[in-house]
Structure formats: C-alpha cells, structure tokens
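Just so it is clear, none of the values below were taken in a lab; they were calculated from the coordinates. Note that the structure is predicted; figures quoted are calculated from it, not measured. Note that each Cβ is placed from the backbone with ideal geometry, even for glycine, and that neighbours are counted across all protein chains shown.
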Amino acid sequence: MTDISKLIFDRVVDVHDFPKAGIIFKDLTPLFADGAAFRKIIDAIVREAGDGFDMVVGIEARGFVIAAAVAYAAGVGVIPIRKAGKLPRVAHSTSYALEYGEATLEIGEDALQPGQRVLVVDDVLATGGTAAATLDLVERAGGQVVGFTVLLELAFLSGRQRLSGRPVHALLTV
Ligand code: AMP
C-alpha cells in the first residue's frame with residue numbers, strides 16, 4: 001500500500017446499513033477534516049494528472065470538496081455536476097440507477113468550451129453509474145474526459161468496467 005493509499009485507508013469509517021440495510025457506507029469526512037492528510041491527497045491527484053487538464057468537474061456533493069481543492073491547486077476552473085433541480089440553467093440531464101436508489105444529474109449551460117480537457121473527481125467509485133452518467137454529461141457538453149479520479153474504489157462492485165475507454169485512477173482500491 002502506498003503512503004497516499006494508507007492516508008485514506010486509515011481515515012475511512014465504515015458505516016453499516018447506511019443509507020439502507022446491506023450497504024456499507026464509506027465515510028471519508030475524517031479525511032477531509034485532517035488538513036495535512038487532505039493536502040497530501042489533493043497534491044497527489046494534481047501530481048498524477050500533470051498539466052493534462054483545463055477544467056475539473058466535481059460530482060455533488062462530496063466530489064465538490066475534492067474538485068474545488070484540485071482546481072485551486074492546479075490553477076484551473078471547477079464545474080459542479082448537480083442533482084436534479086439545483087441548476088438554474090440546465091444544458092444536459094441524465095438519469096441512472098445507484099447502488100442505493102436512483103438519481104438524475106445535470107450539467108449547466110456554458111459549463112464547458114468544445115474540446116476542453118476535463119478531469120472528473122469524486123470520493124467513491126461504487127457501481128460506476130454516477131461516474132458513467134457524469135462522463136456522459138461532460139462529453140455531451142463538448143468536453144474531453146482525460147481522467148476520472150476517485151479517492152476510494154470498491155472493486156467488488158466493478159464500477160470501472162462501466163467506464164471503458166476512460167482512464168480511471170483510484171488512490172485506494174478495496
Ligand atoms: P455509484 O454510482 O454506485 O458508483 O455510486 C457512487 C456515488 O455514490 C458516489 O458519488 C459516492 O459518493 C456514493 N456512494 C455509493 N456507494 C457508496 C458507499 N458504499 N460509500 C460511500 N459513498 C457511496
């Protein structure tokens with residue numbers, strides 16, 4: 001395990017049966033709350049991505065925490081992918097099944113310029129439905145997905161297989 005993986009591993013809290021029976025929720029808020037560890041993982045994401053991206057996209061809501069920090073550290077902009085009904089000007093919308101339930105995600109008008117290189121970030125990759133929907137929205141909005149980075153990948157749910165053709169990077173895989 002790398003030092004970065006261990007920073008995450010040591011701080012993730014497993015919450016059983018949340019938000020419903022049978023789900024083990026991976027709570028990463030203790031990692032966000034640890035300033036030194038949070039800085040190290042953000043720096044690791046930026047280092048890994050190099051200068052290959054012009055924009056960061058974060059997925060509501062925990063993805064926003066990571067996306068804003070990565071954008072600031074890399075000196076690029078940040079775009080939120082939001083749940084239905086939150087954006088005042090919607091360009092594209094997509095619905096999909098979650099590990100627990102169903103959701104609709106939206107991207108706003110004027111979010112991306114054609115051909116912009118986009119790094120998408122989120123906290124957890126589970127079944128991959130959220131990521132697949134987000135990458136689809138980014139591409140429909142004219143962006144080029146250069147990478148999808150998560151702090152934690154739940155390998156047993158095979159989410160990565162739904163994102164074929166896009167570079168997926170997990171700082172920790174369990
Ligand atoms: P999925 O679409 O199944 O890959 O789910 C990914 C999204 O749901 C991410 O935005 C995660 O924040 C959240 N999520 C799904 N499963 C979990 C879990 N077991 N623990 C924490 N977050 C999860």
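Would you mind checking the pairs K26/K86; K20/K86; K20/K83; K20/K40 and listing those with alpha carbons more than 29 angstrom apart?
On the way: K26/K86 25 Å; K20/K86 24 Å; K20/K83 20 Å; K20/K40 32 Å.
Violating the 29 Å limit, Cα to Cα: K20/K40.
Among D123, D110, D136, the largest mean-square fluctuation in a Gaussian network model of the chain, built with springs joining Cα atoms closer than 10 Å, belongs to D110.
Where both residues lie in the chain, what percent of DSSP beta bridges are antiparallel, nearest 5?
Percentage antiparallel, nearest 5: 40.
Using the Cβ-Cβ distance between D3 and K83 with R0 set to 30 Å, the FRET efficiency from 1/(1 + (r/R0)^6) comes to roughly 0.30.
The chain: D in µm²/s via Stokes-Einstein (Kirkwood Rh, Cα pairs, 4 °C, 1.567 mPa s)? So the translational diffusion coefficient is about 80 µm²/s. If you put +1 on each Lys and Arg Cβ and -1 on each Asp and Glu Cβ, how big is the dipole of segment 36-123 around its Cα centre, in Debye rounded to 20? Dipole size: approximately 220 debye.
Charging the Cβ of each Asp and Glu at -1 and of each Lys and Arg at +1, and nothing else, the dipole of segment 14-77 about its Cα centre rounds to 80 debye. Hydrophobic, long helices, defined as DSSP H runs whose alpha-carbon span along the helix axis is 30 Å or greater and whose mean Kyte-Doolittle value is at least 1.6, do not occur in the chain.
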